[in-house]
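Asks: Sharing a structure here in structure tokens format.
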Amino acid sequence: MRIDIPQEKKLVHETVIPIRWGDMDAFGHLNNTIYFRYMEQGRIDWIESFGFSAQHEEGGALVANAFCNFYTQVNYPGDILVRTYIGKVGRTSADTYNLMSLINDPETLCAAGGATLVWVNLKTNRPAPWPQAFQKQLGLY
């Protein structure tokens with residue numbers, strides 16, 4: 001089943017990740033699990049770009065769900081361009097999306113996926129409102 005990436009989304013960050021030899025599987029192409037790591041790194045780089053860490057004394061942005069659609073095979077060597085977008089934003093959650101392509105062919109998608117992030121108070125393990133640093137980046141004020 002393919003999950004569609006919504007048209008309405010806001011580009012918030014781009015990062016380039018080198019493909020490592022060890023990222024390949026027995027068939028000689030990028031292992032499917034690695035795309036999830038690339039999406040994670042894209043989200044972390046975005047969060048760190050506005051001076052916040054993924055885990056903070058106030059809580060953490062945890063993944064509630066994640067998905068990935070695979071379009072083309074990718075081989076070593078190369079560099080992956082990971083573009084991070086935000087979609088629907090709520091009081092405690094936000095939908096994020098990642099479009100991935102080779103840096104030398106940025107218009108051809110290799111994969112696209114997403115995750116719903118939920119800000120959680122790590123002391124209570126309950127959803128909590130986004131901290132102010134996130135609210136600004138998410139467009140909440």
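Asks: Could you work out how far the C-alpha centroid of segment 94-128 sits from that of segment 1-55, in angstrom?
Replies: 7
Asks: Which loop GluC sites (Glu not before Pro) in segment 1-65, with loop taken from DSSP, have no more than 11 other Cβ atoms within 10 angstrom of their Cβ?
Replies: Glu8, Glu57
Asks: May I ask you to give the solvent-accessible area per residue for segment 1-130, in square angstrom, as obtained with a 1.4 angstrom probe?
Replies: Each residue of segment 1-130 exposes 57 Å² on average to a 1.4 Å probe.
Asks: Setting aside same-chain residues fewer than 8 positions from Lys10, which lysines have a Cα under 18 Å from its Cα?
Replies: Partners found: Lys88, Lys136.
Asks: Label-point separation (nm) for Asn32 and Thr72, each offset 7 Å from Cα along Cα-to-Cβ?
Replies: 2.0
Asks: I've got another one for you. Just the accessible area for His13, please: 1.4 Å probe, Å², rounded to the nearest 10?
Replies: Approximately 40 Å² of His13 is accessible to the 1.4 Å probe.
Asks: Roll a 1.4 angstrom probe over the protein heavy atoms and tell me the percent of accessible area of the chain that is carbon or sulfur.
Replies: 49
Asks: What list of whole percents do you get for P(r) of segment 31-73, with Cα-Cα distances grouped in 10 Å bins up to the one holding the largest distance?
Replies: 24, 47, 23, 6, 0
Asks: Lys and Arg at +1, Asp and Glu at -1: add these up for the other residues within a Cβ distance under 14 Å of Ala133 and post the number.
Replies: Net charge around Ala133: -2.
Asks: Okay, moving on. Out of the chymotrypsin sites (Phe, Trp or Tyr not before Pro) in segment 1-55, which ones are loop residues according to DSSP with at most 10 other C-beta atoms within 10 Å?
Replies: Sites meeting the loop and neighbour criteria: Phe27.
Asks: Take the eigenvalues of the Cα gyration tensor for the chain, scale each by 5, and report the square roots as semi-axes in whole Å, largest first.
Replies: Value: 28, 15, 14 Å, ordered largest first.
The values are calculated or read from the model by the stated rules, or taken from the named source; none is laboratory data. Just so it is clear, the model here is predicted, and its values are computed rather than measured. Cβ: placed from backbone, ideal geometry, glycine included. Neighbour counts: every protein chain shown. These accessible areas exclude ligands, DNA and RNA; they are computed on the full protein's heavy atoms, side chains included. Shrake-Rupley method; radii C 1.70, N 1.55, O 1.52, S 1.80 Å.
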